[in-house]
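Novice: Sharing a structure below in structure tokens format, with a few things to ask.
The values are calculated or read from the model by the stated rules, or taken from the named source; none is laboratory data. It should be emphasised that the depicted structure is a prediction, and the values quoted were computed from it without experimental measurement. FYI the Cβ positions are ideal-geometry reconstructions off the backbone, even for glycines, and counts take in every protein chain you see. Areas reflect the complete protein model, heavy atoms only, side chains present, ligands, DNA and RNA absent. Shrake-Rupley method; radii C 1.70, N 1.55, O 1.52, S 1.80 Å.
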Amino acid sequence: MSKPQLILVGGGGHCKSVIDVVEASGQFSIAGLVDTRDKLGTTLSGYAVIATDDDIDALVREYRYFLVTVGQIKSSALRYRLYQLIKSQGGLLPTLVSPRAYVSPHAQLGEGTVIHHQAFVNAGARIGVNCIINTASLIEHDAQIGDHCHLSTAAVVNGDCRVGDHSFVGSRAVLSHGVHVAPNGLIGAGAVVLSHTEAGSLYAGNPAVLKKRVS
């Protein structure tokens, strides 16, 4: 039986990482990429850019499965817009887990979320929709990750933490047990967060302190 076909929406560096997870998982066959008009006909990791955002309504009539493969650091706005566009046209967003990651059978994952290589999601953790759980990141027991979040490489979210919707946690950042990152938060690389944060704000340092408002 042939594998279901998958369209990847976004053709930059993050897409390369997702392609590697898709190939390793063996669940889907990549039918093509969606990117900007100037990229039409080019290839990324051997897969062709076959359409732009404006063509998603037509693609949904031919294909069922889509993933948002645009990266997210300063803002989730583009990933959120593309997720909403796919959903509004009736596309389905699968959850994808690398075979080289561990996800507890007692954890919950939302649609469109990708768990990258060497990530670890422990029992009782809940992850929302359209999230990036990047390489070697750790989500401990009973932690909750909101919708449209990105946990960057080797980030550590300890037990009972809460990461609000549309937030970013940088590489090797550590959230201490029970810490809440308010929605639209940015946590800098290597930060050690010991107390709750304010919404729409950047925190950095060890211990992390408020650096500026970002929204």
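Novice: Would you please name the residue that is nearest to Tyr83 (Cα to Cα), looking only at residues in the stretch 98-120 that are crowded, with 21+ Cβ neighbours inside 10 Å and under 14 Å from the mean Cα position of the chain (by Cα)?
Specialist: Gly112
Novice: Based on this model, can you work out whether Ser195 counts as small (Gly, Ala, Ser), open to solvent by 60 Å² or more (accessible area, probe 1.4 Å) and assigned to a loop (DSSP other than H, G, I, E, B)?
Specialist: Numbers: small (Gly, Ala, Ser): yes; open to solvent by 60 Å² or more (accessible area, probe 1.4 Å): yes; assigned to a loop (DSSP other than H, G, I, E, B): yes.
When the stated conditions are applied, Ser195 passes them.
Novice: Go through the stretch 130-145 and count every residue that is in a loop (DSSP other than H, G, I, E, B) and open to solvent by 10 Å² or more (accessible area, probe 1.4 Å).
Specialist: So in the stretch 130-145, the residues in a loop (DSSP other than H, G, I, E, B) come out as 130-131, 134-137, 140-143.
Those still in the list that are open to solvent by 10 Å² or more (accessible area, probe 1.4 Å) too: 134-136, 140-142.
Total satisfying the criteria: 6.
Novice: Looking only at the stretch 53-96, which residues are touching a helix residue (DSSP H, G or I) at 6+ places or on another chain (Cβ under 7 Å) and assigned to a strand (DSSP E or B)?
Specialist: The answer is Phe66, Leu67, Val68, Leu96.
Novice: Right, here's the next one. What number goes with the only condition from (1) open to solvent by 50 Å² or more (accessible area, probe 1.4 Å); (2) in contact with a His (Cβ under 7 Å, 6 or more places away or on another chain) that Arg37 does not pass?
Specialist: If we test Arg37 against (1) open to solvent by 50 Å² or more (accessible area, probe 1.4 Å); (2) in contact with a His (Cβ under 7 Å, 6 or more places away or on another chain), just (2) comes out false.
Novice: Looking at the stretch 47-76, I want the residues that are closer than 18 Å to Gly110 by Cβ and have a partner that is of a type in the set (Phe, Trp, Tyr) and surrounded by 15 or more Cβ atoms within 10 Å (Cβ to Cβ) with Cβ atoms under 7 Å, at least 6 apart or on another chain. Which pairs are those?
Specialist: Tyr65/Phe28; Val68/Tyr83; Gln72/Phe168
Novice: Name the single residue, out of those in the stretch 40-63 being over 17 Å from Arg81 (Cα atoms) and of a type in the set (S, T, N, Q), that is surrounded by the most Cβ atoms within 10 Å (Cβ to Cβ).
Specialist: My answer is Ser45.
Novice: Separate question: Would you point out the residue of the stretch 125-164, among those that are in contact with an Asp or Glu (Cβ under 8 Å, 6 or more places away or on another chain) and touching a residue at least 40 places away in the same chain (Cβ under 8 Å), that is nearest to Ser104 (Cα to Cα)?
Specialist: This residue is Val129.
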